[in-house]
Amino acid sequence: MKNFLPGKIVFATLAATFLATGAAMAQSSVQNTGHGGAAILGSACVVELVIVVLVIAGLWKTYRKAGEPGWACIVPIYNIYVLCKITGKPGWWVLMIFIPFINLIFLLLLSIELANVYGRSPGFGIGLFFLSFIFIPILGFGDAQYRGRLA
């Protein structure tokens with residue numbers, strides 16, 4: 001995921017893929033088992049859509065708190081650049097996101113630093129990395145204030 005992000009902007013793209021997959025599975029389920037499976041999978045798609053909207057809204061508010069345009073969180077690649085800018089990391093870190101396995105390390109470091117610049121603990125940053133769909137809305141809609149890069 002995205003952007004296994006804190007960034008998790010690619011999360012939105014992946015979520016859209018899951019929604020399309022869910023719709024295809026629902027259609028297949030209707031053909032194979034009747035209408036019950038479609039209702040369950042349709043409900044799952046609605047839940048996924050709600051989660052995606054909450055994550056995007058949380059990121060939008062997180063970017064705005066840092067003085068960056070909120071729309072930047074939905075633009076692939078640029079969103080990671082802006083995240084690096086917010087956390088005080090160099091722009092070349094964006095390139096590291098494209099290297100398999102190395103990207104996990106850099107995204108974890110970005111998550112921890114994102115928590116840091118909002119006055120949160122490294123544990124919150126780890127939460128951003130592993131459970132971003134929960135922690136990003138908490139960061140965006142919560143009372144955390146952007147403090148800038150702390151030494």
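The values are calculated or read from the model by the stated rules, or taken from the named source; none is laboratory data. On a predicted model such as this, the values are computed, not experimentally measured, just so you know. Counting neighbours? That spans all protein chains shown, and the Cβs are built from the backbone with ideal geometry, glycine included.
Listed by first and then second residue, the pairs with beta-carbon distance under 9 Å, at least 6 apart or on different chains, first residue in the stretch 135-146 and among the polar types (S, T, N, Q), second crowded, with 20+ Cβ neighbours inside 10 Å, are 145/118. Only helices (runs of 4 or more DSSP H) whose full extent lies in the stretch 42-151 are considered here, and the ones with at least 2 residues that are touching a Pro at 6+ places or on another chain (Cβ under 6 Å) are 102-117. Only one entry in 105, 80, 74, 126 is over 14 Å from the mean Cα position of the chain (by Cα) and either at pLDDT 95 or above or over 20 Å from residue 147 (Cβ atoms) (or both), namely 105.
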